[in-house]
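For reference, the structure discussed in these notes is given below.
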Amino acid sequence: MKNSTIVNIVLALAVAGLYIIHFSGGNKDTSTQPSKAKGPNNPLSIAYVKMDSMLYTYELAKKLNTEFAEKKENFRKEYTDKRIKFERDAAAFQEKVQRGGFLTEERAKQEQERLVGVQQEIQKLDYDLTQKLNEMQGQISQQILDSISSYLKSYNEVKKYDIILNSSSMLEGSAQYNITKEVTQGLNERYRNLSK
């Protein structure tokens with residue numbers, strides 16, 4: 001589940017990066033900036049970030065993923081505890097039926113219906129917890145994506161890159177264009193300042 005969380009976050013960030021690149025490139029106010037024709041004498045200004053590395057070192061992402069893992073573990077424990085109790089009750093019921101421990105057949109049927117109801121509750125709990133975890137994972141991914149997108153927008157107002165790529169969507173890149181460390185440091189500094 002942790003790997004799928006990271007993959008989902010990386011994919012979401014890749015889409016956001018393309019979104020930012022697409023819309024920030026077309027919204028520049030050219031009236032106050034000298035026009036720059038791209039070509040051999042004036043190449044594109046490109047940088048990239050290694051999103052997977054950034055997610056491992058970005059303090060907000062680490063915090064949110066740790067909180068998610070704790071909630072996931074609590075949900076798993078809640079489900080497991082109820083499942084184990086049900087299995088014990090079902091085994092005790094089976095044993096009691098085999099040794100004729102119920103006074104009436106009606107009483108045995110009531111207990112069986114009760115156990116079927118408990119089993120259905122456990123199945124519903126499993127479904128509900130899975131849905132809740134998926135929703136939380138989506139919210140975490142969106143929060144991290146929004147934070148990184150917001151930072152990259154302000155970062156790029158100063159740096160003026162034409163394109164900032166996510167390394168997961170490119171095959172090769174020279175280290176001189178890798179801004180991962182600089183961006184992560186800026187993200188962490190902003191996060192610490194906002195957390196005070």
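Observations
Yes/no matrix, rows are residues, columns are (1) among the β-branched types (Val, Ile, Thr); (2) under 21 Å from Asn42 (Cα atoms); (3) modelled with pLDDT under 90:
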site	(1), (2), (3)
Lys153	no, no, no
Lys159	no, yes, no
Asp162	no, yes, no
Met170	no, no, yes
Ser174	no, yes, yes
Glu182	no, no, no
Gly186	no, no, no
Glu189	no, no, no
Lys196	no, no, yes
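- Test: residue in the range 174-185 that is part of a helix (DSSP H, G or I) and exposed (fewer than 11 other Cβ atoms within 10 Å of the Cβ): yes
- Number of positions in the range 166-196 that are over 15 Å from Leu55 (Cα atoms) and aliphatic (A, V, I, L, M): 4
- Checked against the criterion of being in contact (Cβ under 8 Å) with a residue 24 or more places away in the chain and either touching a helix residue (DSSP H, G or I) at 6+ places or on another chain (Cβ under 9 Å) or within 22 Å of Thr66 (Cα to Cα) (or both), the range 92-114 has no qualifying residue.
- Single match in Lys2, Lys85, Lys62 (criterion: loosely packed, with under 11 Cβ neighbours inside 10 Å, of a type in the set (Lys, Arg) and either at pLDDT 60 or above or within 30 Å of the chain's Cα centre (by Cα) (or both)): Lys2
- Residue list for the range 145-173, restricted to those being part of a helix (DSSP H, G or I) and among the small types (Gly, Ala, Ser): Ser147, Ser149, Ser150, Ser154, Ser167, Ser168, Ser169
- Across the range 118-137, a minimum of one residue is classified as basic (Lys, Arg) and within 14 Å of the chain's Cα centre (by Cα).
- The range 88-112, subset acidic (Asp, Glu) and loosely packed, with under 10 Cβ neighbours inside 10 Å, residue farthest from Ile140 (Cα to Cα): Glu105
- The residues of the range 138-173 that are of a type in the set (A, V, I, L, M) and either surrounded by 12 or more Cβ atoms within 10 Å (Cβ to Cβ) or under 23 Å from the mean Cα position of the chain (by Cα) (or both), listed by number, are Ile140, Ile144, Leu145, Ile148, Leu152, Ile163, Ile164, Leu165, Met170.
- Check on Ile144, more than 15 Å from Asn65 (Cα to Cα) and of a type in the set (A, V, I, L, M, F, W, C): no
The values are calculated or read from the model by the stated rules, or taken from the named source; none is laboratory data. Treat the numbers as computed from the prediction; the structure is a model and nothing was measured. So basically every Cβ, Gly included, is an ideal-geometry build from the backbone, and we count neighbours across all protein chains shown.
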